[in-house]
Amino acid sequence: MTGHGLKYIQNALFVSESTVKSHLRSIYRKCDTHNRDEIIALFEREAPELA
């Protein structure tokens, strides 16, 4: 499983790069993770049928 890069997200959602980074930081904090690898591992662990 892989995610999209910042540029893709900002273009798809019509927001600035700093907005994307801010939202990602909030998501990481709420999920008690620190980066994409950790959040992907969390997702795969918590919802294996969707991974």
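The values are calculated or read from the model by the stated rules, or taken from the named source; none is laboratory data. Note that the structure is a prediction, hence the values are computed from the model and not measured. Glycine also receives a Cβ, built like all others from the backbone with ideal geometry; neighbour counts cover every protein chain displayed. Ligands, DNA and RNA are excluded from the accessible area calculation, which covers all protein heavy atoms including side chains. Shrake-Rupley method; radii C 1.70, N 1.55, O 1.52, S 1.80 Å.
Between ARG25 and GLU46, the modelled labels are 2.1 nm apart [label points 7 Å from Cα along Cα→Cβ]. Taking the helices alone, the chain has a mean residue ellipticity at 222 nm of -19500 deg cm²/dmol, built from -39,500 (n - 2.57) per DSSP H run of at least 4 residues and averaged over all its residues.
Sequence-ordered 3J(HN,Hα) estimates for segment 32-38 from the Karplus curve with 6.51, -1.76 and 1.60 and θ = phi - 60° stand at 6, 10, 10, 7, 4, 4, 5 Hz, glycine and proline given as x.
For the chain, state the average projected area of the convex hull of the C-alpha atoms over all orientations, rounded to one decimal in nm².
On the way: hull surface 14.6 nm².
Directional mean of the projected Cα hull area for the chain stands at 3.6 nm².
Counting only protein heavy atoms, what percent of the accessible surface of the chain is carbon or sulfur at a 1.4 Å probe? Please report the intermediate quantities before stating the final value.
Details: 2340 of 4170 Å².
Ligands and nucleic acids excluded, carbon and sulfur give 56 percent.
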